[in-house]
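Single-structure report; data block below.
What follows draws every value from the coordinates through simple rules; no lab data is involved. If you're wondering where the values come from, they're calculated on a predicted model, not measured in any experiment. Positions of Cβ are backbone-derived with ideal geometry, glycine not excepted, and every protein chain shown enters the neighbour counts.
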Amino acid sequence: MQGIIKILPDFIANQIAAGEVVQRPESVVKELIENAMDAGATEIAVVVKNSGKHLIHILDNGDGMTKEDLQLSVKRHATSKVFTTQDLEEIRTYGFRGEALASIASVANLEIRSRTKDMEHGWKLTIEPMKSEIIEAVNMDFGTQIFVRNLFFNVPARRKFLKADITEFRYISDTMIRFALSKPHIRFTFYDNEVLVFDTKPCDIVQRIEDVLGRSTANSLIPVFLENEKLKIEGFIGEPLIAKQSKSGQFLYLNGRHIVNKSLSYAVYSAFEHLLEKRSQPIYILNIQIDPKEIDVNVHPQKHEVKFDDERYVYNLVNQAVTTALQSKNLIPESTLVGNIMQSPFDRVSQNDSDELMIVNRHTGEVLDMQQHHEERNPSFNFAKTEYENRSFSKPNQNFDLSAFDNLFGKKFGESSDIDSPAESIDNQKLEYRKPEKMYWQLHKKYIFSQTEKGVIVIDQHAAHERILFEKALKAMNKEFSNSQEILFPVRLQLNSSQKLLLSEIEAEIKLLGFNFSKIQDNEIEINSVPLDINSGSESQSFLGILEQYEEYERTRESNKRDNLAASFGCKSAIKAGHYLNQEEMSSLMNDLFSCSMPYVCPHGRPIMIEFTIPEFDRRFGRT
Ligand code: ADP
Ligand code: MG
């Protein structure tokens, strides 16, 4: 009987490989830039038309190819980079599979021009799917120029699968940014049709960050550095203040190659724990330098993913490097405080920007399988609600969950404790009908002190109130409750033209915040309701103050409209230092603070509280 197995013709094999290597125009850009970098280019220019669907054109000033190499380069498994198994075990180049050019040639019209330093002229190779290639002499500079035209013209299924131009363009521009950040010594020029998107001259990394991510990011960087005999972690994190709503500011590299690794991203994220608001994402640009023998980059055709021999070790060091960097800025309150509140080793974090959640072990960085835990009927620990979530509240000032407070103070809030607070030095028997209150001390009308299980906590009263008002304002703008109260005597207000303009921009938001007003004349409004926390008599001053503050935030912060407005409201309406608070007021402030979703940092990223522990005092007093 005759066998039925046949070796696939080259062309089909290439198209299958193309399915893995070339998923969209962005993959072509990525592969070609990697080739240019492997060829030692110091200048790389990229031009795309119709988001790369019509044309991707890449020029480099690298080594170029001889005529023979040029002809071989488009053959499958043709590579100048890997020859032995040993090479494969310690890959130092971007490419090594020898399939990018062959794959591209099977799904597009490809033209490559190339010239090495010793050649009199260049050679141009034109190759179309299913046709034999043509090679001819051409006049050109040293280096390589590649044209990829009509991508997927012969694979309708792929073409249909492509997203709208704007989305495909975003993929490409994200990739350009990743490369630009990873190699500041290379000049990258990037054109969208005839429009220059960026042209980054060779420079140092901070300048490069400014060039591609903007000045406000570059101005708020904290350096990260950790080195031992096995690896080196180097780069920057952004201050918590400039955290984003998406992961678009996160860049992780391994030996200069951009990688996607959930567990290492979490290692960074968890170092920021308590310093970020819910859902916001830190900015980081980090490179891990490690011996290529310790990793395997050949686990995925697009080489986005890597395997570490000892991932947990790398996880711990990344976490440590970022924590140290944050501590150097005094952004982290006493660590015992953090340990006390976060008891579960598991954390849930949102994946990508979707609502999908993953569960991570905060000690090891291990990403647990979501599915499995969904199915688990009776889990021994409660994943569904971490303490972090418990702290958020839906109805302001009523029914909030005090678990964070309990944790911090080590007792059910409101229960009597072994603390010799003034309230308890009074005969408890006689006061049995009254629930003993937690005691607070105000220091210099500025800080609030209270005993905790481990020592004493000091809270900045202004920052605390700012945080409370900030979260309230966000909820009001989300229409979770109405924060508005009518005023008895409406006040009239003159606006100058820039205030008028600003107001028209944020009118909807400021009304949701609780300000209601009507236009009297072109330059005059009448305010008839204000948010609950605005004192009577200071309505117009508050209104103008918030506008002014908003304008500044709008210029200096990267946050969105609502965040900026909520922060302005918090900043202008919160009690100031110098404001006397009685027991009841302090107690209510603390209740509100601990029902916030993020009670540890103010909207500007400064700490709200610091805990001093008894062991620290003991050490200072020479008791240990
Ligand atoms: P790989 O990069 O995995 O080796 P490719 O198909 O991407 O495979 O490229 C095949 C070969 O073509 C490379 O190994 C390299 O020798 C050559 N080549 C590709 N692009 C360039 C370039 N821009 N400059 C010089 N040589 C190149
Ligand atoms: Mg390659």
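Key figures for this structure:
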read-out	value
Pick from region 32-44, criterion within 15 Å of Q145 (Cβ to Cβ) and out of contact with any Asp or Glu (no Cβ under 6 Å at 6 or more places or on another chain), ranking: farthest from ligand 2 (Cβ to nearest atom)	E43
I209, sole failed condition from (1) more than 25 Å from A100 (Cα to Cα); (2) touching a residue at least 24 places away in the same chain (Cβ under 8 Å); (3) surrounded by fewer than 20 Cβ atoms within 10 Å (Cβ to Cβ)	(3)
Criterion violated by G62 - all others in (1) closer than 26 Å to F152 by Cα; (2) within 15 Å of ligand 2 (Cβ to nearest atom) satisfied	(1)
Inter-residue pairs, beta-carbon under 6 Å, first on the phi < 0 side of the Ramachandran plot and assigned to a helix (DSSP H, G or I) and in region 461-486, second among the charged types (D, E, K, R) and crowded, with 20+ Cβ neighbours inside 10 Å, 6+ apart	I468/D592
Hits in region 563-602 - residues which are touching a helix residue (DSSP H, G or I) at 6+ places or on another chain (Cβ under 7 Å), of a type in the set (S, T, Y) and surrounded by fewer than 23 Cβ atoms within 10 Å (Cβ to Cβ)	S597
Subset of region 22-64 (residues that are over 17 Å from K160 (Cα atoms), part of a loop (DSSP other than H, G, I, E, B) and more than 11 Å from ligand 1 (Cβ to nearest atom))	T42
Some residue of region 87-94 being in contact (Cβ under 8 Å) with a residue 60 or more places away in the chain, within 13 Å of ligand 2 (Cβ to nearest atom), closer than 20 Å to A13 by Cβ and touching a Lys or Arg at 6+ places or on another chain (Cβ under 8 Å)	no
So A102, is it in contact with a strand residue (DSSP E or B) (Cβ under 9 Å, 6 or more places away or on another chain), among the small types (G, A, S) and within 16 Å of ligand 2 (Cβ to nearest atom)	no
Yes/no for T84 being within 15 Å of ligand 1 (Cβ to nearest atom) and either in contact (Cβ under 8 Å) with a residue 12 or more places away in the chain or charged (D, E, K, R) (or both)	no
Which listed residue, of R76, R97, is part of a loop (DSSP other than H, G, I, E, B), more than 27 Å from I290 (Cα to Cα) and within 15 Å of ligand 2 (Cβ to nearest atom)	R76
Residue match in region 7-21 (condition: surrounded by 18 or more Cβ atoms within 10 Å (Cβ to Cβ), part of a loop (DSSP other than H, G, I, E, B) and more than 12 Å from ligand 2 (Cβ to nearest atom))	no
Within region 87-101, considering residues that are more than 6 Å from ligand 1 (Cβ to nearest atom) and aliphatic (A, V, I, L, M), the one farthest from E34 (Cα to Cα)	L88
